[in-house]
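First up is the structure itself, then whatever we jot down about it.
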């Protein structure tokens, strides 16, 4: 590619620039970021341990399988302040857009308007995660790189297989979607053997590489137990109540983008003269899995989009009027030439580096860089001034308590989900709704503090405790209140 082509921004570079800057300048807003920050800080200060350091209820054990994201975010906070996690999110989304565009370019002779439309639908499916500073973005990027590697292998390059174990080891320490990597490579290899029988020897090597990729995931704090962790987590009863793990929700707009992509792909595959099992096999598996568990949709959309492009052809028997075909051909030709002759990835990279430099020179503390309406910072500050103890808290802000107040204040629950046995989830539900037995659940935990919100259903418990007495208000911030237990000297 010429120097001019490297400097001229293409469609993907412009999208990456827009999303990268917009997300990089956003305030920190997702609750889950803070249990990752708390976990990353703990790893840097104390190393790994199986006992949950943030609660006394997490008796199922701490599984820091995404510790890499937490450590990276903490290091960026130390370097860039609150902008660190935001710029990390922006950079990961921007990189994902650029890699996806490269992936789509390998699936079609020319990246025209159809490729742009497929990219748009994929990004629409992934867009709900963009406002969340979570390791999900690492999962998206690593999956896109895995897909690119599988395409390179299908093109005849066997040396790329040597990178599979390295990718598997890194992925397993960054995001829980790591199992998709070896599954993708193995399914692609089987499909390639069916498409081109004389390449079965290559397919065997790729299957071996996928097994090595799977085994390499054990190079993590969890060791070999990580091999069964995805299955174990998926069958937990508490997992079924998490929004990401429910079937595709037609009440949200992005699900229709996924269904549109799936419908067009089925049509294109159905009318294609030749079908390529190497892409259809992994696309079918993950595409159907996304209908059952919508968490898989951002990944499934990539494979479904590739299946669409690899089987796209003019529809037999469909002839558009000349007054439609002529301008459509002109637009298509202009866009394809622009796409082929422009890269421009340097521009989003340069702008994000400049933003990082500005944050490095003048870092903003995390407390000043969060979306203030979501986090009761005054309550956290007041809690830090009180003696260490156990905190009864709402599910969403448990991680924020661990980060802003510290591990001396043991939360009842947080959105990590898996450290807490089902009995704790049941106790939380009883306490939240004041269901029969809530007093016994409260007594078993015997909290020293209560950090709770006043909006329904939070007001139910607050009203119950006001009537019972034995609590005093220490702080109030927005919809949240911090109460301390009033205990007699003898009871303490």
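Every number here is computed from the coordinates shown, using simple stated rules; none is lab data. Note that this is a predicted model, so its numbers are computed, not measured. As a convention, Cβ positions derive from the backbone with ideal geometry for all residues, glycine included, and neighbour counts pool all protein chains shown.
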For residue 346, put the label point 7 Å out on the Cα→Cβ axis and report which residues of the range 75-101 keep their amide N under 19 Å from it.
95, 98-99
Taking Cα centroids, how far is the range 128-149 from the range 188-249 in Å?
16 Å
Under the classification rounded if a/c is under 1.5, otherwise prolate if a/b is larger than b/c and oblate if not, where does the range 231-280 fall, given a ≥ b ≥ c as square roots of the Cα gyration tensor eigenvalues?
oblate
Rounding to the nearest 10 and keeping the result within 0 to 90°, find how far the Cα-based axis of helix 322-341 lies from the longest principal axis of the chain.
70 degrees
Checked the range 372-485 against the a/c 1.5 cut and the a/b vs b/c comparison, axes a ≥ b ≥ c from its Cα gyration tensor; verdict rounded
Give me the number: length gained by fully extending residue 362 to residue 422, i.e. 0.36 nm times residue separation minus the C-alpha to C-alpha distance, one decimal in nm.
17.1 nm
Cα-based helix-to-principal-axis angle, 32-46 vs the chain, degrees rounded to 10:
80 degrees
Within 10 Å of each residue's Cβ, count the other Cβ atoms and sort 233, 30, 46, 65 from fewest upward.
46, 233, 30, 65
Using helices alone, I'd like the mean residue ellipticity at 222 nm for the chain: each DSSP H run of four-plus residues gives -39500 (n - 2.57), total over residue count, nearest 500.
-19000 deg cm²/dmol
Among 401, 424, which comes first, second and so on when ranked by fewest other beta-carbon atoms within 10 Å?
424, 401
Output the direction-averaged projected area (hull surface divided by four) of the convex hull of the alpha-carbon atoms of the range 42-81, in nm².
3.1 nm²
What FRET efficiency would be calculated for the residue pair residue 252, residue 108, taking the C-beta separation as r and a Förster radius of 30 Å, to the nearest 0.05?
0.55
On Cα atoms only, tilt of 113-126 relative to the major axis of the chain in degrees:
10 degrees
Take 154, 372 and order them by how many other Cβ atoms sit within 10 Å, fewest up front.
372, 154
In the list [x] 41, 23, 22; [y] 46, 25, 22; [z] 37, 32, 19, the entry giving semi-axes √(5λ) of the Cα gyration tensor in Å computed from the coordinates is [y]
Starting with the highest mean, order 124-133, 357-366, 276-285 by the number of other Cβ atoms within 10 Å, averaged over the residues of each peptide.
276-285, 124-133, 357-366
Note to self: C-alpha centroids of the range 1-69 and the range 398-444 sit apart, in Å, by 25 Å
Which distance in nm do the two modelled labels at residue 218 and residue 332 give, with both placed 7 Å along the Cα-to-Cβ direction?
5.2 nm
Which residues among the range 224-251 fall inside the zone where the amide N is under 13 Å from a point 7 Å beyond the Cα of residue 48, along Cα→Cβ?
224-227
Hey, with R₀ at 25 Å, roughly what FRET efficiency would residue 455 and residue 22 work out to, going by the Cβ-Cβ distance, to 0.05?
0.30
per DSSP, antiparallel bridges as share of beta bridges in the chain, % nearest 5, sits at 50 percent
